[in-house]
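Visitor: One structure coming up, written as structure tokens, with questions to follow.
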């Protein structure tokens, strides 16, 4: 394994990059989960490989005067940061990009495409030239209102189902989710493929692993065996394999990214 970049460890990445989450306007809440903005200035430092972990959200990002739609990615990836720059982004509620796309969200899973293919003209230059993240948010809000799709009750239903998965750590099996919804496993699978872009098993797994990273952020010491049992894993080794496959690093290696509490 290559020698580790010391800027990954103990929160050192925060010395050259800033993350913020401007609050979206309330009228966008039916489709937008959150806005995000990141800026960085590496000065004369070498480029930095930023780990990007997957989430069950379609993203609209505005990097360097462009605009891109990112389908849900099943595994982690890296973005290389060099020099100075900034990106503004929109994370759509899981299930709620389907009305904008007009077709199954699984057709863009793992893909990045020009936003104009989905939305038509996009104010990428205005977002690039905006003074700060607050102004970027206002520009993007106006754009999203102009692109507002027709209502789709199924999108709201799927968003509520994903919220149920996210909020219940004891929910670890698709069959349990189907039973909770009073339907069949296959029906849940079809609904998730159409509206989320990935299956319910993947979504459950991702949110249970987020429980793990949340605990890392809160504490330097994690009872791995206890967490594995609580989240429905047969043993600690199974949790470690699942974590590494999705996040791209072992739990202990990933935990080192956080500053000491």
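Visitor: Taking only pairs six or more apart or across chains, which ones have beta-carbon atoms under 8 Å, a first residue in segment 237-261 that is over 16 Å from residue 5 (Cα atoms) and not assigned by TED's automatic domain parsing to the domain that holds residue 213, and a second residue that is in a loop (DSSP other than H, G, I, E, B) and modelled with pLDDT under 95?
Guide: 260/10; 260/220; 261/219; 261/220
Visitor: Is segment 64-87 home to any residue that is within 24 Å of residue 22 (Cα to Cα) and assigned to a helix (DSSP H, G or I)?
Guide: Checked segment 64-87: no residue is within 24 Å of residue 22 (Cα to Cα) and assigned to a helix (DSSP H, G or I).
Visitor: Something else: What number of residues within segment 103-118 satisfy the criterion of being touching a residue at least 40 places away in the same chain (Cβ under 8 Å) and either in contact with a strand residue (DSSP E or B) (Cβ under 9 Å, 6 or more places away or on another chain) or in a loop (DSSP other than H, G, I, E, B) (or both)?
Guide: Looking only at that region, the number is 10.
Results for (1) within 13 Å of the chain's Cα centre (by Cα); (2) modelled with pLDDT of 95 or more; (3) loosely packed, with under 15 Cβ neighbours inside 10 Å, shown as yes or no for each residue.
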{"residue": "1", "(1), (2), (3)": "no, no, yes"}
{"residue": "4", "(1), (2), (3)": "no, no, yes"}
{"residue": "20", "(1), (2), (3)": "no, yes, yes"}
{"residue": "24", "(1), (2), (3)": "no, yes, no"}
{"residue": "28", "(1), (2), (3)": "no, yes, no"}
{"residue": "36", "(1), (2), (3)": "yes, yes, no"}
{"residue": "40", "(1), (2), (3)": "no, yes, no"}
{"residue": "44", "(1), (2), (3)": "no, yes, yes"}
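Visitor: Consider residue 51 carefully, then state whether it is part of a strand (DSSP E or B), buried (at least 17 other Cβ atoms within 10 Å of the Cβ) and within 13 Å of the chain's Cα centre (by Cα).
Guide: Details: part of a strand (DSSP E or B): yes; buried (at least 17 other Cβ atoms within 10 Å of the Cβ): no; within 13 Å of the chain's Cα centre (by Cα): yes.
Answer is no for this residue.
Visitor: Looking for whichever is at pLDDT 95 or above, surrounded by 17 or more Cβ atoms within 10 Å (Cβ to Cβ) and not in a helix (DSSP H, G or I) here; the options are 158, 203, 165, 198. Which one fits? Outline the logic, then answer.
Guide: Values: 158 fails: not in a helix (DSSP H, G or I); 203 fails: not in a helix (DSSP H, G or I); 165 fails: not in a helix (DSSP H, G or I).
Result: 198 is the single residue among 158, 203, 165, 198 that is at pLDDT 95 or above, surrounded by 17 or more Cβ atoms within 10 Å (Cβ to Cβ) and not in a helix (DSSP H, G or I).
Visitor: State yes or no: is residue 26 without any contact (Cβ under 8 Å) to a residue 40 or more places away in the chain and either out of contact with any helix residue (DSSP H, G or I) (no Cβ under 9 Å at 6 or more places or on another chain) or farther than 22 Å from residue 193 by Cβ (or both)? Walk me through how you get there before you give the answer.
Guide: Details: without any contact (Cβ under 8 Å) to a residue 40 or more places away in the chain: yes; either out of contact with any helix residue (DSSP H, G or I) (no Cβ under 9 Å at 6 or more places or on another chain) or farther than 22 Å from residue 193 by Cβ (or both): yes.
The answer is yes for residue 26.
The values are calculated or read from the model by the stated rules, or taken from the named source; none is laboratory data. All figures in this text were calculated on a predicted structure; none of them were measured in a lab. Please note: Cβ atoms are built from the backbone with ideal geometry, for glycine as well, and neighbour counts cover all protein chains shown.
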